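Down below is the structure, laid out as structure tokens.
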Amino acid sequence: MSEYTKQIRRVSEERTQTQEELNQVLQELGSRTVETARDEKIPGLEKLLREHDEIRDGLSQAGSAIERMVDIDVREREIQQTMKNLRAERDDLGRGLSGVYEQIGAVAFRLFRESPLVDAGYSSAFEALARYQDEVRAIENKLDQINRQNQESNKPGILERIRTSGKDAYLRNRRNARENRLPRLLQSTGEQLAQGDFIKQVDDDELNRVSEPLRQVRRRWEEIDQQLQDLAQESGRLVEEFNDISGGQGLKRARGEREADIARLQEQRDNVLLQIGMVAEEKRSPQFSEILDKLDNLRSKLATLDSILARLHAGMQAETVARDLKICRKEQDKTEKDIEVLQEQLRKLQEEESALQAQLNQLETERGDPMELLER
């Protein structure tokens, strides 16, 4: 690579940077001109100002659309997480009521057995518990009977002891199995009664006391249900708004398209500001003297760089021409030498031709008329 090529590359890069700086200063001048041009009504700027305003509005709309879509996406995520947490809380509250339902069932069954004020219409709700109580009582009676028989018999036989012992164990196992079912029966009965108006109708102090946790949970359930409803409505409105803004696209794609629009509009805006700056540079308004001086310096620098580039290109071309000229002269010298060799060859051929011609003439003279010789 020649020095001219290196210098041309260096100066070209400097010129590109200077041109970019000039464009930036022109855009700055254009931006400041926009702020005052409407009041001063500078000729030649009406169309450019309208284009600038349209681009500015487009940038504002695209930026606002991105910001709003992001805000909606963030809020929608918050809503979904909040709804998930509320549903989990609701489920947890429901799972925590098993003990409350069991207490309600126990108190309600006692009231059903002991109080004549309990409406007989609720008897069907207590059928399973009543059947359980009857079964346990029957087992207890049989166990008592076995115990009395053992006490009455002074020395029962071995077989009798084995028989009564086995029967006693069997009945105790049955009783234990029934008793293990009791909490589940009480819970099921309590939950069934709590879903109706039993607690309100009976209005017993103890029943009201054990039911208070259920009332608290129900109040919280109502609050949760209302919150879920409000959040679902808000989510619906946000989704509808998001689809209107995005055109039914997802956030990533819609945002990408808006960002592409912004990049395109910014390029258009910079071009319009550049044109406005060029018009303002021609008007030479005194209020922009500082920027105009900077532009003058940059244009002077560009002119200097252009002159240097022209000289460098001329120097590089001269270098190329000189190299080509050297090659041409070398070829010319070679050709001239080739010509000298050929001329010497030509001279020898001409001498040979003369000798051969003289020999031919001599021989033809000696031969005479060939026709005469051939006819004999």
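The values are calculated or read from the model by the stated rules, or taken from the named source; none is laboratory data. Here the structure is a predicted model, which is why all the values come from computation and not from measurement. As a convention, Cβ positions derive from the backbone with ideal geometry for all residues, glycine included, and neighbour counts pool all protein chains shown.
Residues that are over 30 Å from ARG50 (Cα atoms) and of a type in the set (Ser, Thr, Tyr) are absent from the stretch 241-261.
If you check every pair at least six apart or on different chains, which have Cβ atoms under 6 Å apart with a residue in the stretch 52-70 that is outside any helix (DSSP H, G or I) and of a type in the set (D, E, K, R) first and a residue that is modelled with pLDDT under 95 and loosely packed, with under 14 Cβ neighbours inside 10 Å second? From residues that are outside any helix (DSSP H, G or I) and of a type in the set (D, E, K, R), there are no pairs.
Within the stretch 210-220, is even one residue in the same structural domain as SER98 (by TED's automatic domain parsing), over 24 Å from ARG87 (Cβ atoms) and basic (Lys, Arg)? No, the stretch 210-220 contains no residue that is in the same structural domain as SER98 (by TED's automatic domain parsing), over 24 Å from ARG87 (Cβ atoms) and basic (Lys, Arg). Listed by first and then second residue, the pairs linking a residue in the stretch 297-321 that is within 14 Å of GLU3 (Cβ to Cβ) and modelled with pLDDT under 95 to a residue that is among the polar types (S, T, N, Q) and surrounded by 13 or more Cβ atoms within 10 Å (Cβ to Cβ), with Cβ atoms under 6 Å apart and 6 or more places separating them unless they lie on different chains, are LEU312/GLN7.
GLU78 meets all of the listed conditions (1) in a helix (DSSP H, G or I); (2) touching a helix residue (DSSP H, G or I) at 6+ places or on another chain (Cβ under 8 Å) but one, namely (2).
If you check ARG284 against the conditions, is it free of Cβ contacts under 8 Å to residues at least 60 places away in the same chain, more than 25 Å from VAL25 (Cα to Cα) and either under 51 Å from the mean Cα position of the chain (by Cα) or surrounded by 11 or more Cβ atoms within 10 Å (Cβ to Cβ) (or both)? For ARG284, the condition - free of Cβ contacts under 8 Å to residues at least 60 places away in the same chain, more than 25 Å from VAL25 (Cα to Cα) and either under 51 Å from the mean Cα position of the chain (by Cα) or surrounded by 11 or more Cβ atoms within 10 Å (Cβ to Cβ) (or both) - is not met. A residue that is in contact (Cβ under 8 Å) with a residue 60 or more places away in the chain and either part of a helix (DSSP H, G or I) or not acidic (Asp, Glu) (or both) occurs nowhere in the stretch 338-358.
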